[in-house]
Amino acid sequence: MEVNGKDSTFLITGGGGYFGFRLACALLKNCSKVVLFDVTSPNQELPEGIVFTQADIRDYMQVEKAVQGVHCVFHIASYGMSGREQLNRKLIKEVNIQGTENILRACVAHGVPRLVYTSTYNVVFGGQVIKNGNESLPYLPLHMHPDHYSRTKSVAEMQVLKANGLPLKNGVGVLRTCALRPAGIYGPGEQRHLPRIVSYIENGIFRFVYGDPDSLVEFVHVDNLVSAHLLAADALTEKRQHCAAGQPYFISDGRPVNNFEFFRPLVEGLGYSFPTLRLPISLIYLFAFLTEMVHHVVGQIYNFQPLLTRTEVYKTGVTHYFSMRKAQDELGYKPEEYDLEEVVQWFRSKGHGKKRTQSSIKKLILDVVLVVAFAAIALSCLPVVGQ
């Protein structure tokens, strides 16, 4: 039996994270219960009607217990999207592939009729230029993915879409599935990418940009992504004739932009100068490759955060953007317009932003240290009187 109203229960895997919690709050307006399934709890207080279950998606017994009585699953849990997480191949495979297999198996076993899977642009993108691509593009061959995250997400998406139409074991209906492929997510309070970028800005690491200044990529505001998920879940119901069943959809704000220009308001809004030095993408890719090799050697001893990985270089410096016509026509997706002003204000409210007095003091201290060091070196070269 399909339910899509006040009597419905939704499960969100990875619900302890930024997007999962935002989705849960939106769902709560039209349903009676939302279950957040994650290994870590949300850092915000749970509204009435939202329940948190601390569990591991790699454990089938825990997944099976969580899906009982659920009418729709939003499977957004994943691992290895960026930074040093991209280099933990074992955990990436266990979460992204094994975890997805567990979700699909449990949905069939316990009669869950709908599943919306949060995928990624990367299932078709691996560093090649794509302009206004659409869902007819083939999956990128698995051996051509520059990172294990993209490879496993591709495998998982294929599993999800292949599972569409599987008979449910309760004998009532079949499982309906679809996949959303979002661009890079942003919004106030986002915890995966934006804090890392701000730390680079504040620590003086963001001194250059790279790639063609005309290269274009896409982003999606968290609330637009929430809207897309709600529409996708609805489009799997009988009321909508299951029009999204078995289908993938690209989701973004619909405004291709140069990656670095997109973040200019954030840099300048926090009081810093936007870099003028532009380096060739081939040089940055080589640097990222060498960094990954060093991490492979010393990562077990010191799991440092790479400045960039190869995949991050491609995703930020190579043109790839997609048409949303299919999502608009079949889901009714209409993205709202947002900018980074609310993101800037959020970071400022948390104490971020250039502090002129502190910067001047730090510069003075650094200058004094340099003068003292130079003087010490110079004095050490003078002959000692009396010898």
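Taking the listed residues Leu283, Leu270, the one that is farther than 30 Å from Asn164 by Cα, modelled with pLDDT under 95 and of a type outside the set (Lys, Arg) is Leu283, with no other qualifying.
Would you call Val112 surrounded by 22 or more Cβ atoms within 10 Å (Cβ to Cβ) and in a loop (DSSP other than H, G, I, E, B)? Answer is yes for this residue. Of the strands (runs of 3 or more DSSP E) lying entirely inside the range 190-251, those containing at least 3 residues that are at negative phi and crowded, with 21+ Cβ neighbours inside 10 Å span 219-221, 247-251. Annotation: Phe263 fulfils all but one of (1) loosely packed, with under 13 Cβ neighbours inside 10 Å; (2) closer than 16 Å to Tyr210 by Cα; the unmet one is (1). The set of residues from the range 140-187 being assigned to a loop (DSSP other than H, G, I, E, B), modelled with pLDDT of 95 or more and either of a type in the set (A, V, I, L, M, F, W, C) or farther than 21 Å from Glu330 by Cα (or both) comprises Leu140, Pro141, Ala163, Leu166, Leu168, Leu175, Ala183, Gly187.
Looking across the range 50-93, the residues that are surrounded by 15 or more Cβ atoms within 10 Å (Cβ to Cβ), free of Cβ contacts under 8 Å to residues at least 24 places away in the same chain, farther than 29 Å from Thr291 by Cα and not charged (D, E, K, R) come down to Val51, Thr53, Ala55, Gln62. Being closer than 28 Å to Pro42 by Cβ and without any contact (Cβ under 8 Å) to a residue 12 or more places away in the chain: is that true of Ser252 here? No.
What residue, of Tyr302, Tyr272, is more than 22 Å from the chain's Cα centre (by Cα), surrounded by fewer than 21 Cβ atoms within 10 Å (Cβ to Cβ), of a type outside the set (S, T, N, Q) and within 27 Å of Gln86 (Cα to Cα)? Step by step, each of Tyr302, Tyr272 is checked, and only Tyr302 is more than 22 Å from the chain's Cα centre (by Cα), surrounded by fewer than 21 Cβ atoms within 10 Å (Cβ to Cβ), of a type outside the set (S, T, N, Q) and within 27 Å of Gln86 (Cα to Cα).
The values are calculated or read from the model by the stated rules, or taken from the named source; none is laboratory data. Since the structure is predicted, the reported quantities are computational estimates derived from the model, not experimental observations. When we count neighbours, we look across all protein chains shown, and the Cβ atoms used for this are built from the backbone with ideal geometry, even at glycine.
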